[in-house]
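What follows is a single structure, written as structure tokens, with notes after it.
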Amino acid sequence: MFPTNHKTIFVLDHTPYFGISSDNPIDFDVSKSRGPGYVPLPPVCKSLWTCSVEAAVEYCRIVWDLFPEGKLIRFVVSDSAAHILNTWAVAQQNLTHILNGLCLVGPVRRGAGGDVVGLCAAIEALGEPSPAQSSRPTTERHFQNRGRIICITSARDDDSIRSLAEIALNALVQQNKKASLVQPSSSTEASANPESLVVHHCHLVIVNVTPEKAETRVNNQPLTEMGSGLMSVEVIVSRASALANLLGRLVLPHYKLAITTVTGIPMKEEQNASSSANYDVEIIHAAEAHAGLRAAQTAAEALESVVLRWWTPRGAEGGAGSCSGPLWRVTPADVASRPSACLVNFLLNGRSVTLEVPRKGGGRAASHVLAAQGGELWIGALGGRAPYEDPPALSEGVGGRVTDYRIKEFGALMQQNKLHPLRGAGANSRARARLQRHTTYWPLTISSTLIFNLGSIMEPLTRLVVQESLTDEEVDACRGVLLSLLGMESRHELPSAQLPSNMRGKWSGRREEQWRQVWGELEALVRAHAAAPAHRALLRTLLDCRAHNHAPDGESRATVIRATTDSPLSPVGAGNGASNSDVWAPRNVLETLLGAPRPPRRPDFAGRMAAGNRIATLYPHLQQDVEAQH
């Protein structure tokens with residue numbers, strides 16, 4: 001309910017040591033014109049106190065930009081006393097209040113003090129309930145009160161760090177004892193004196209800051225549990241110049257954030273307005289926005305930036321409203337840089353930007369949209385393709401190879417088998433039976449079928465046979481098509497003009513085989529729909545026509561379907577020519593999805609069936625016959 005990042009406290013060391021220089025010179029003189037007698041200004045160096053304040057404030061800016069509510073941060077300045085700059089009140093959770101408090105504290109002064117008093121005050125602040133915790137009823141306050149303390153200090157060695165962590169642990173234990181003993185007796189007393197909560201866990205991050213040229217005997221220490229899991233301590237050593245980048249990276253795992261680098265942003269140059277250059281801008285947002293790009297990412301990969309390329313927008317494209325998925329707030333990683341400011345102003349003017357995943361082999365794959373809405377920046381995932389991007393063509397096969405799929409016929413098949421909510425018993429079974437009939441024999445490619453390429457010669461048989469029922473007139477029309485085909489085969493007429501140009505060469509010179517394929521495809525098509533009496537009558541007529549031409553010696557020729565097709569939805573064999581026999585075929589897509597059982601092609605070996613789980617013996621009586629002879 002209340003995670004560790006619900007309450008965060010910064011403890012800033014304000015002792016005289018932090019008044020020394022960071023030894024990181026900054027060129028203060030940025031003027032380009034240097035006339036005669038010009039004396040350049042010497043570089044300046046920030047103090048350790050200035051570096052720590054800037055880094056902490058930047059940490060807060062990122063958090064409050066992305067989480068306007070629910071993520072609270074307090075500041076404690078520690079010298080001879082603990083100066084608490086703000087409370088958990090929502091009105092004091094802003095940079096203006098923090099900066100005003102830092103101004104009142106003032107620069108580093110001479111005097112005694114340290115960070116111990118600030119740590120103790122921070123632990124007491126963790127025991128104070130936040131507004132969200134106070135609003136919970138007394139009977140529902142069985143939540144975990146957790147928090148994080150980031151202490152920016154400078155110690156001599158590892159022993160000093162260990163002593164500081166032990167002092168913080170002892171203060172936490174004493175704080176929990178007081179919180180468990182002192183409880184308000186009534187609701188009136190509770191409102192007058194806010195109760196102190198027990199701190200169930202504290203994550204203490206000690207950042208040891210040193211000047212650039214100073215040596216330190218403090219080493220980085222990984223996360224270590226103390227006090228039976230009551231406190232976890234982490235020690236990080238940083239130079240003063242790298243402190244801002246360090247806290248900018250720490251905020252990512254603390255609040256489950258991620259960085260996206262928007263590359264290839266076209267911007268006009270200040271010196272030459274007619275020319276433009278491409279810049280990169282880092283933005284920070286919730287790590288959930290990268291869920292589609294990194295299905296399983298490690299902790300190290302989460303800290304790395306995901307590079308997405310700028311897609312030049314075409315005017316105002318609706319902003320964040322064009323994204324139908326979830327949206328996440330965005331803030332620049334470097335808010336003071338010129339490219340970041342230009343990108344923010346561009347988005348605030350009502351423009352939106354599509355981001356795409358860079359591909360080495362070319363092509364575009366839009367992944368996110370970046371826009372402004374309500375005066376805030378948002379990023380949304382597109383699911384791999386922009387709403388206005390052209391969908392991939394169905395005719396593009398694997399590897400870019402153009403295939404001969406029956407695209408128009410497939411569209412007609414989908415139109416004929418639309419699923420609609422039906423009432424009454426057996427509605428689902430009727431829909432499944434219809435889809436079963438339509439997909440039992442349906443070639444996928446043009447080159448794998450002949451009867452669907454003959455056009456007007458097969459009309460109206462191919463159009464009427466897919467109906468659930470046929471009238472007497474429709475059956476007579478289909479019989480006329482069969483008799484016409486029978487007459488054409490008897491006269492050795494080849495309707496090659498009806499075939500596509502790439503199939504005419506296959507038809508010539510293979511008359512008997514091609515006519516056998518035509519009759520086989522017709523039988524497979526009619527058998528797939530032979531559920532009604534009219535269809536079975538049409539099937540008997542087809543079998544008679546086929547047997548008339550294919551049995552010249554008077555023998556009873558078995559009807560064998562050899563539908564030479566590449567389609568996985570087409571059968572590869574058939575049983576005998578009886579009208580009530582079942583055609584065995586590989587499972588089509590519908591049968592595979594529904595798990596329909598498939599009839600076995602042949603019965604199992606009798607010896608294996610009799611043996612059961614034991615090994616079957618081949619010719620078990622052979623040895624007995626040999627012994628009987630002797």
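Of all the residues that make up segment 453-470, how many are within 22 Å of Ala431 (Cα to Cα) and outside any helix (DSSP H, G or I)? Of the residues in segment 453-470, 6 are within 22 Å of Ala431 (Cα to Cα) and outside any helix (DSSP H, G or I).
More than 30 Å from Leu257 (Cα to Cα) and either open to solvent by 50 Å² or more (accessible area, probe 1.4 Å) or modelled with pLDDT of 65 or more (or both): is that true of Val369 in this structure?
On the way: more than 30 Å from Leu257 (Cα to Cα): no; either open to solvent by 50 Å² or more (accessible area, probe 1.4 Å) or modelled with pLDDT of 65 or more (or both): yes.
The answer is no for Val369.
Out of Leu450, Leu461, Leu454, which single residue is among the aliphatic types (A, V, I, L, M), within 20 Å of Arg516 (Cβ to Cβ) and at pLDDT 85 or above?
Details: Leu450 fails: at pLDDT 85 or above; Leu454 fails: at pLDDT 85 or above.
Going through Leu450, Leu461, Leu454 in turn, the sole match is Leu461.
When you check Phe67 against the structure, is it within 30 Å of Glu215 (Cβ to Cβ), modelled with pLDDT under 95 and aromatic (Phe, Trp, Tyr), yes or no? Let's see the steps before the verdict.
Numbers: within 30 Å of Glu215 (Cβ to Cβ): no; modelled with pLDDT under 95: yes; aromatic (Phe, Trp, Tyr): yes.
For Phe67, the condition - within 30 Å of Glu215 (Cβ to Cβ), modelled with pLDDT under 95 and aromatic (Phe, Trp, Tyr) - is not met.
Screening the candidates Gly70, Gly37 for the property of being open to solvent by 20 Å² or more (accessible area, probe 1.4 Å) and not assigned by TED's automatic domain parsing to the domain that holds Ala155 yields one hit, Gly37. Within segment 548-555, is even one residue open to solvent by less than 40 Å² (accessible area, probe 1.4 Å) and either modelled with pLDDT of 70 or more or under 15 Å from Leu454 (Cβ atoms) (or both)? Looking through segment 548-555, none of the residues is open to solvent by less than 40 Å² (accessible area, probe 1.4 Å) and either modelled with pLDDT of 70 or more or under 15 Å from Leu454 (Cβ atoms) (or both). For segment 231-248, taking the residues that are more than 15 Å from Asp13 (Cα to Cα) and in a helix (DSSP H, G or I), the one that is least open to solvent (accessible area, probe 1.4 Å) is identified as Leu247.
If you filter segment 417-445 down to residues that are among the basic types (Lys, Arg) and part of a helix (DSSP H, G or I), you find that the one that is nearest to Glu523 (Cα to Cα) is Arg437. Looking across segment 208-230 at every residue that is among the hydroxyl-bearing types (Ser, Thr, Tyr) and under 39 Å from the mean Cα position of the chain (by Cα), the one that is surrounded by the fewest Cβ atoms within 10 Å (Cβ to Cβ) is identified as Ser228. Kindly evaluate Tyr388 against the criterion of being hydroxyl-bearing (Ser, Thr, Tyr), open to solvent by 40 Å² or more (accessible area, probe 1.4 Å) and modelled with pLDDT of 75 or more. For Tyr388, the condition - hydroxyl-bearing (Ser, Thr, Tyr), open to solvent by 40 Å² or more (accessible area, probe 1.4 Å) and modelled with pLDDT of 75 or more - is not met. Per the listing Val233, Val281, Val218, Val330, the residue uniquely closer than 30 Å to Lys177 by Cα and either aromatic (Phe, Trp, Tyr) or modelled with pLDDT of 90 or more (or both) is Val233. When segment 466-483 is limited to residues that are under 54 Å from the mean Cα position of the chain (by Cα) and charged (D, E, K, R), the one that is most open to solvent (accessible area, probe 1.4 Å) turns out to be Glu468.
Applying the set (1) within 12 Å of Leu525 (Cα to Cα); (2) more than 42 Å from the chain's Cα centre (by Cα) to Pro460 leaves exactly one unmet item: (1).
The values are calculated or read from the model by the stated rules, or taken from the named source; none is laboratory data. Only a predicted model underlies this, so the values are computations on that prediction, with no experimental measurement involved. Because the Cβ atoms are built from the backbone with ideal geometry, glycine has one as well, and the counts that use them run over all protein chains shown. All accessible areas refer to the heavy atoms of the entire protein, side chains included, with ligands and DNA or RNA removed. Shrake-Rupley method; radii C 1.70, N 1.55, O 1.52, S 1.80 Å.
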